[in-house]
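S.K.: Can you keep this structure in mind? I'll have questions shortly.
The values are calculated or read from the model by the stated rules, or taken from the named source; none is laboratory data. Remember, it's a predicted structure, so these values are computed and weren't measured experimentally. All Cβ positions, even for glycine, are placed from backbone atoms using ideal geometry, and neighbour counts span all protein chains on display. The area values use the complete protein model at the heavy-atom level, side chains included, leaving out ligands, DNA and RNA. Shrake-Rupley method; radii C 1.70, N 1.55, O 1.52, S 1.80 Å.
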Amino acid sequence: MPELTRRSLLRSTAALAALSAVPLTSLPAAAHGSAGTAPSWSAQPLPFADANLVGAVHLGRGRTWAAGFTLRLEGKATRFTPVVAERASADGEWIPVGAATEAASTVSSRVNAIDAAGPDDVWLVGDDTSVLDGRIYTQHYDGTRWSVVPAGLPEKAEAASLLGVDTGPGGTWAVGFAQIEVSRVWNEEKGVWITESRQAGIARRFDGTVWRDVPLPEVPGDSWYLNSVRAVSPDDVWAAGYDGDSGGPLLMHYDGTSWSRATAPGVTDRPGFAHALAVTPGGEVWLVGEDWSPADGTTRALVARRTGGTWRRAAVPGADARLFCVTPAPGRGIVVVGQTLGERREAIAWQWDPAAPSDTAGSRWTALGLPQPAGTDLSENSAHAVIGDRAGLTVLGTSVADGAAPQPFAAFRSSVR
């Protein structure tokens, strides 16, 4: 995994910036599961011509919000604009939430994550921005109005981003990374300061008025960060990310007093990357990402769950793939989304059912037949976000066709059979 830098983050973001919604076509039968008689998917046009939507939340009574950002080049500068879209019902139309964009109209920042505890407690988190005097952009909706609530940077930090947010039974948490200056030397010949820096994870907790820093344990090396956080309760909070020193997933746990580093056999002791966490209604914690340790040098999906106080790695379908998001499935189990890594990169959605047979590796998984946008052999499709409720599943993703700009897509799958 190459070292994560602010420059590489923005470069990869630009590559994923979306320009318009596209029709969906059928996904060929996959070798890693069987769709059976599953309900069909339907495309849902998006209201933005140039947005990258990174996440979605349910607000109750059928309402769903999706959030992301637009990217535009203004001369030599890159400008990001936060955007939010609303869908009033599962089969409804996505429409822009103009008040969210208007409240952050002067802020140039990506939206990296969204979460909600209800219709009157919604959070967006992003990057540091000069408009906020170098502080990190976050935005809150209280049921009536949107407000920008800047979060401070650590001492000697040159840049920072919040990559994950969780608001609910454990309060409101956000995690990410900061680029922190280690040394500074004056170069007389060039007339500039030469600085060296390291990237370290950060955790913030909102106290009802401001974001407060909550110290994390020190991790060896020059590059580590957290990109997801989920709370089971106020004294049981989990965060996940990447440890550049070991080259593997990173797990941390908050016990109501302090954060500590956690281990998970078969997960944190192997090369790989943790992308996302989720908590089920029963209190199980799930982690998804990618595993870089197969003997043949490929990348496989990584899934682990914590139940009964112990982390266990889960068997997965034997496909080259990475997973970006996980959510409790309507009814039971979980749904994960991501991307295959073969010659043709396809968006995927798999469901794990605890009641399914488990006589062979991966046998509890079903491929949900997620349709592919831009159905050419030269397309690269990826599903980045998934949420589920009684009505069904909503998936957000990005498609890149050969010679074309990246495009966002949204698909809905009814839970009615």
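S.K.: For segment 258-265, what does the Karplus curve 6.51 cos²θ - 1.76 cosθ + 1.60, with θ = phi - 60°, yield as ³J(HN,Hα) per residue in whole Hz, taken in order and with x for Gly and Pro?
M.R.: 8, 8, 9, 7, 10, 10, 9, x
S.K.: What is the percent carbon and sulfur in the accessible area of the chain, measuring with a 1.4 Å probe over the protein chains and ignoring ligands?
M.R.: After summing per-atom areas, the C and S share lands at 50 percent.
S.K.: If you don't mind, there's one more thing I want to ask. Restricting to Cα pairs below 8 Å that are 6+ residues apart, what does the relative contact order work out to for the chain? Please round to a whole percent.
M.R.: It rounds to 14 percent for the chain.
S.K.: Ok, one more. Considering only DSSP states other than H, G, I, E and B, which trypsin sites (Lys or Arg not before Pro) in segment 97-177 qualify as loop sites with at most 13 other Cβ atoms within 10 Å?
M.R.: ARG145, LYS156
S.K.: Spelling out what I want: for every residue of segment 144-154, take phi, set θ = phi - 60°, compute 6.51 cos²θ - 1.76 cosθ + 1.60 (Karplus), and round to whole Hz; glycine and proline get x.
M.R.: Here the 3J(HN,Hα) series is 10, 9, 9, 9, 7, 10, x, 10, x, 9, x Hz.
S.K.: For SER228, enumerate residues with amide H under 5 Å from its amide H, sequence gap 5+ or separate chain, H modeled in the peptide plane.
M.R.: Those qualifying (amide H under 5 Å, at least 5 residues apart or on another chain) are ALA240.
S.K.: What residues have an amide H closer than 5 Å to that of ALA160, excluding those fewer than 5 places away on the same chain, when H is modeled at 1.01 Å from N in the peptide plane?
M.R.: Those qualifying (amide H under 5 Å, at least 5 residues apart or on another chain) are ASP128, GLN179.
S.K.: Long-range amide H contacts for GLU380: which residues qualify at under 5 Å (H placed 1.01 Å from N, peptide plane, sequence gap of 5 or more or a different chain)?
M.R.: Distant-sequence amide H within range of GLU380: VAL400, ALA401.
S.K.: Quick check: net charge around GLY170, other residues with Cβ under 12 Å of its Cβ, Lys/Arg +1 and Asp/Glu -1?
M.R.: -3
S.K.: Which FRET efficiency, nearest 0.05, do VAL182 and ASP91 yield, Cβ-Cβ r, R0 45 Å?
M.R.: Computed FRET efficiency for VAL182 and ASP91: 0.25.
S.K.: Per residue, what accessible area does segment 270-410 have, given a 1.4 Å probe and all protein chains present, in Å²?
M.R.: 37
S.K.: Is the shape of segment 269-417 best called rounded, prolate or oblate, per the rule: a/c under 1.5 gives rounded, else a/b larger than b/c gives prolate, else oblate, with a ≥ b ≥ c the square roots of the Cα gyration tensor eigenvalues?
M.R.: Here segment 269-417 falls in the oblate category.
S.K.: Given the peptides 276-283, 186-193, 325-332, arrange them by the average over their residues of other C-beta atoms within 10 Å, most packed first.
M.R.: Highest mean packing first, the order is 325-332, 276-283, 186-193.
S.K.: Let me ask something else about it. Please work out whether segment 292-341 counts as rounded, prolate or oblate from its C-alpha gyration tensor, where a ≥ b ≥ c are the square roots of the eigenvalues and a/c under 1.5 means rounded, while otherwise a/b larger than b/c means prolate and anything else oblate?
M.R.: Verdict is oblate for segment 292-341.
S.K.: Taking θ as phi - 60°, what are the ³J(HN,Hα) couplings along segment 268-280 by the Karplus curve (6.51, -1.76, 1.60), each to the nearest whole Hz, with x for Gly and Pro?
M.R.: So the J values, rounded to whole Hz, are 7, 9, 10, x, x, 8, 9, 9, 7, 10, 8, 10, 7.
S.K.: Using a probe radius of 1.4 Å on heavy atoms only, what accessible surface per residue do you get for segment 165-240? Whole Å² is fine.
M.R.: Value for segment 165-240: 46 Å² per residue.
S.K.: Please report the spacing between the Cα centers of segment 248-310 and segment 84-142 in Å, no decimals.
M.R.: What the calculation gives is 28 Å, centre to centre.
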